[in-house]
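Trainee: I'd like to ask some things about the structure below.
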Amino acid sequence: MRRLSIFLIGVFFASATLVIPAEPVMAQKYVPRKVKRKARRLLRKGRRAYRRKHFRRAVKYFLQAFKVWPRRELNYNIAIAYGRLGDKIKAVTYIRRFEKDASVKELRSVPRWLREIKDEVAVVNVQGPDGATVKMDGQVVGVVPVELVIMPGMHLFVIIKDGKRFAKRDWDVKPGLRKVWEVVQPRKVPVRVVTKVVVPVPARQPPPPPPPPPRQGISKWYTITAGLVALGLAGAAIATGLQAKKLHDEYTSGATRELRADGRSMVHTTNILWGVSGGLAVTSVVLAIFTQWKKVSKAEKASMAPRLRLGVGSGGASVSLSGRF
């Protein structure tokens, strides 16, 4: 009887404390108290180191606490510590993990300086073939699908799948970029085989050499002038020679010093004139050899030939002779 009463009392209290929720509650992973105590102890050490501005030690304790008890809220502490260390990439990486399922109040708790760091970096979400390796600037940075927090600048991305290069992209990343890169299989373009037909080209004959320029002879006026001057000097030499002979005859009839001097002067003048005249004569002959005399064409010869024309008219007969004489 005593046992039955105790059992009824237990059922009554159990039914009184039982609450049926309006919505189904998601089951959470059970964490032992020992693990929670250890994680909270590491979290307190990290906060103490952060207040003392030992940010590197604080990051160490926060990461250990997250490893022991992985809670989303710890990403905030890790991001703050990395931000104080100046590691912008890791600070933005962890603060984005914190903001993934955060409430409005939690989003407002993010300090302003950390939000400014978020605007200084870029976030690229690589989507494509699952399991493909992502390389950036020659280093492996993750496996598709992956979210990359990178610094601005020119970067080379290579997607490798099954040991072969699947895609490649040179990307000038701008600050504050938020981009989803959907990597697709490049379409293979059929290779067209073009057969080249070689048509023999005949060898080009070299152009004939230009004809030699015509030799320009000496003007005929030089030859004629030299000949005329030579004739003039020859005439003057004859005249002075006759004058010298006359003086010689007078000197033989009556010798005087004046006649002798005049005769010698006249003889010298005659000799000089003959010498100059002879030289000009020889020069005119040489010039005549190289002189370019005008060539007369056949038409000109025909026009120059004399023509005799006979005509009979009402007035009588007529005879005319035409041509060049």
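Trainee: Only residues that are touching a residue at least 60 places away in the same chain (Cβ under 8 Å) and surrounded by fewer than 16 Cβ atoms within 10 Å (Cβ to Cβ): list them for segment 125-151, please.
Mentor: Within segment 125-151, just MET151 meets the criteria.
Trainee: Here is a follow-up. Please return the ranges of helices (runs of 4 or more DSSP H) entirely within segment 21-124 where 1 or more residues are modelled with pLDDT under 90 and surrounded by 15 or more Cβ atoms within 10 Å (Cβ to Cβ).
Mentor: Once the helices (runs of 4 or more DSSP H) in segment 21-124 are filtered for at least 1 residues that are modelled with pLDDT under 90 and surrounded by 15 or more Cβ atoms within 10 Å (Cβ to Cβ), what remains is 88-99, 112-120.
Trainee: When you go through (1) over 37 Å from the mean Cα position of the chain (by Cα); (2) of a type in the set (Val, Ile, Thr); (3) more than 23 Å from TYR82 (Cβ to Cβ) one by one for ILE117, which number turns out not to apply?
Mentor: Going through (1) over 37 Å from the mean Cα position of the chain (by Cα); (2) of a type in the set (Val, Ile, Thr); (3) more than 23 Å from TYR82 (Cβ to Cβ) one by one, ILE117 breaks only (3).
Trainee: Just give me the residues in segment 241-292 being open to solvent by 40 Å² or more (accessible area, probe 1.4 Å) and of a type in the set (S, T, N, Q), in sequence order.
Mentor: The answer is GLN243, THR252, SER253, THR256, SER265, THR269, ASN271, THR283, GLN292.
Trainee: How many residues does segment 210-232 hold that are open to solvent by 40 Å² or more (accessible area, probe 1.4 Å) and either assigned to a helix (DSSP H, G or I) or at pLDDT 80 or above (or both)?
Mentor: Qualifying residue count for the region: 9.
Trainee: Any residue in segment 227-250 that's within 15 Å of ALA261 (Cβ to Cβ) and touching a residue at least 24 places away in the same chain (Cβ under 8 Å): show its pairings with residues that are of a type in the set (Asp, Glu) and buried (at least 16 other Cβ atoms within 10 Å of the Cβ) at Cβ separation under 6 Å, as long as the two are six or more apart or on different chains.
Mentor: Cβ pairs passing all conditions: none.
Trainee: Among the residues of segment 169-184, write down those that are surrounded by 11 or more Cβ atoms within 10 Å (Cβ to Cβ) and assigned to a strand (DSSP E or B).
Mentor: ARG169, TRP171, VAL173, LYS179, VAL180, TRP181
Trainee: Restricting to segment 185-209, name every residue that is under 30 Å from PHE157 (Cβ atoms) and either open to solvent by less than 100 Å² (accessible area, probe 1.4 Å) or modelled with pLDDT of 75 or more (or both).
Mentor: Answer for segment 185-209, where residues must be under 30 Å from PHE157 (Cβ atoms) and either open to solvent by less than 100 Å² (accessible area, probe 1.4 Å) or modelled with pLDDT of 75 or more (or both): just PRO186.
Trainee: So which of ALA81, ALA102, ALA122 ends up being in contact with a Gly (Cβ under 8 Å, 6 or more places away or on another chain) and over 27 Å from TRP171 (Cα atoms)?
Mentor: ALA81
Trainee: Might you check whether a residue that is open to solvent by less than 80 Å² (accessible area, probe 1.4 Å), assigned to a strand (DSSP E or B) and touching a residue at least 40 places away in the same chain (Cβ under 8 Å) occurs anywhere in segment 154-168?
Mentor: Checked segment 154-168: no residue is open to solvent by less than 80 Å² (accessible area, probe 1.4 Å), assigned to a strand (DSSP E or B) and touching a residue at least 40 places away in the same chain (Cβ under 8 Å).
The values are calculated or read from the model by the stated rules, or taken from the named source; none is laboratory data. Since we're looking at a predicted model, the values are computed, not measured. Glycine gets a Cβ as well: all are built from the backbone with ideal geometry, and neighbour counts include every protein chain shown. Keep in mind that these areas ignore ligands, DNA and RNA; they rest on the heavy atoms of the full protein, side chains included. Shrake-Rupley method; radii C 1.70, N 1.55, O 1.52, S 1.80 Å.
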